[in-house]
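Values in this text are rule-based calculations from the coordinates and carry no lab data. For clarity, every value in this text was computed on a predicted model and none was experimentally measured. Note: ideal-geometry Cβ built from the backbone for every residue, glycine included; neighbour counts use all protein chains shown.
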Amino acid sequence: MIPLYHDFRGETVVIFGGGSVGYRKAQRFATEARVIVVSPKFDPRFADLDSESIELIRAAPAAAAVGSWIDRCEPALVVIATNNTEINDAIDTAASERGVLRNNAAMSGERSARSVVVPATVSDGPVTVSISTGANSPALAKYLRQQLEGKIDGAGELAALTSELREELKKSELSPQQRRDAIRAVVRSEAVWKALHSGDTKAKKEATRVITETVGDWV
Ligand SMILES: C[C@@]1(CC(=O)O)c2cc3[nH]c(cc4nc(cc5[nH]c(cc(n2)[C@H]1CCC(=O)O)[C@@](C)(CC(=O)O)[C@@H]5CCC(=O)O)C(CC(=O)O)=C4CCC(=O)O)c(CCC(=O)O)c3CC(=O)O
Ligand SMILES: NC(=O)C1=CN([C@@H]2O[C@H](COP(=O)(O)OP(=O)(O)OC[C@H]3O[C@@H](n4cnc5c(N)ncnc54)[C@H](O)[C@@H]3O)[C@@H](O)[C@H]2O)C=CC1
């Protein structure tokens, strides 16, 4: 399996099943997408959710009706998380027939076309590290995520800083090779990471110094 990143802003995600798995996936996708959860019962934690992006629909669609629910919601992704195997299979088939991406939470192992896996994720700003065990061991994915938590602190800020520096470098006389060397030196610099971790404003100054050290005068 090859990981890809998908921008869900402005998109709809439909989740069938409002149990503990439906709740976790709803929280996750509501950070970007509009989320619709279809379920006859909801995990009590949904009542405390303060998110305008999540709509709860109390219904228990029959196997023959799930396709029309998908047609009405026009989702970018369908999450399959009911405790009813027959319904889960019917949703999987209906989404597949429509060419809609689906995340089947009730299934492990090999996937077919457009059947995607949700990885465990560690984020710092726009930087995300995702862990998948190829749909073999979710508990291991979670454990590895916990081990990585806190390890990428500062990466979000460094992404923003290097993005700014790349623009500045493009305006200089440096060759493309020199610009690449400069950016590579900045992201590897212990002094830059140290400045980011201490939360002061010296990171840009440090990065500028590292670039000069690497390629000479450039400003
Ligand atoms: C295939 C996949 C499909 C998908 O959902 O995309 C899938 C499937 C299944 N999970 C099951 C169980 C558990 N899942 C978790 C936790 C997570 N599961 C997630 C992803 C995935 N789970 C995908 C593979 C990802 C990969 O490639 O590694 C995470 C990473 C992301 C997320 O869902 O948000 C999230 C951790 C988030 C975090 O904390 O960072 C825990 C741990 C816990 O609860 O403590 C348990 C109990 C322990 C255990 O059983 O391992 C079962 C059996 C259900 C049953 O027994 O009935 C199935 C179905 C089956 O195996 O048949
Ligand atoms: N991917 C993952 O991380 C995990 C997946 N699972 C699997 O995911 C599924 C759901 O697990 P849980 O949330 O723990 O179960 P749960 O029993 O807490 O929730 C299932 C929900 O589905 C609803 N439901 C029943 N019929 C429905 C229908 N026709 N349409 C819509 N909703 C319907 C129920 O009312 C309930 O709210 C199970 O198949 C389980 O094996 C379980 C644990 C983790």
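Along the charge dipole of the chain, pointing to its positive end and built from +1/-1 on Cβ of Lys, Arg, Asp and Glu, which listed residue (G125, G17, S39) has its Cα farthest out?
Final value for the positive-end residue is G125.
Which lysines have a Cα less than 19 Å from the Cα of K170, not counting those fewer than 8 places away in the same chain?
Those lysines meeting the cut-off are K204, K205.
Could you state the number of Å between the C-alpha centres of segment 136-153 and segment 36-97?
Here the answer is 28 Å between Cα centres.
Relative to the first principal axis of the alpha-carbon coordinates of the chain, what is the inclination of helix 176-188, with its axis defined by its Cα atoms, in degrees from 0 to 90 and to the nearest 10?
70
Just A94, A76, A159 to compare: in a GNM of the chain, with alpha carbon springs under 10 Å, which one fluctuates most?
For the chain, modelled as a Gaussian network with Cα springs under 10 Å, the answer is A159.
For the chain, what is the relative contact order in percent, using Cα pairs closer than 8 Å and at least 6 residues apart in sequence?
Details: 308 pairs, mean separation 26.9, N = 219.
Once normalised by length, the contact order is 12 percent.
For K25, which lysines qualify as cross-link partners when the Cα separation must be under 22 Å and same-chain residues fewer than eight apart are set aside?
Hits, sequence-local ones excluded: K41, K142.
What per residue convex hull volume, in Å³, comes out for segment 12-118 when only alpha-carbon positions are used? Can you show the working numbers first?
Details: hull volume 9.5 nm³, N = 107.
Each residue corresponds to 89 Å³ of Cα convex hull volume.
Which one of G150, S163, L174 has its Cα pushed farthest toward the positive end of the charge dipole of segment 148-189, where Lys and Arg give +1 and Asp and Glu give -1 at the Cβ?
In segment 148-189, that residue is L174.
Along the principal axes of its C-alpha atoms, what lengths does the chain span, in descending order and rounded to whole Å?
So the three principal-axis extents are 69, 33, 33 Å.
Once both axes come from the Cα atoms, what is the angle between helix 203-215 and the longest principal axis of the chain, in degrees from 0 to 90, rounded to 10?
Computed tilt is about 60 degrees.
Among all stretches of the chain without exposed GluC sites (Glu not before Pro) (DSSP loop, at most 14 other Cβ atoms within 10 Å), which one is longest? Please report the intermediate quantities before stating the final value.
Numbers: sites that count: E52, E110, E149, E173.
So the longest stretch without any such site is 53-109.
Could you state the angle between the C-alpha long axis of helix 20-29 and the longest principal axis of the C-alpha atoms of the chain, as a value from 0 to 90 degrees rounded to the nearest 10?
Tilt relative to the chain: about 40 degrees.
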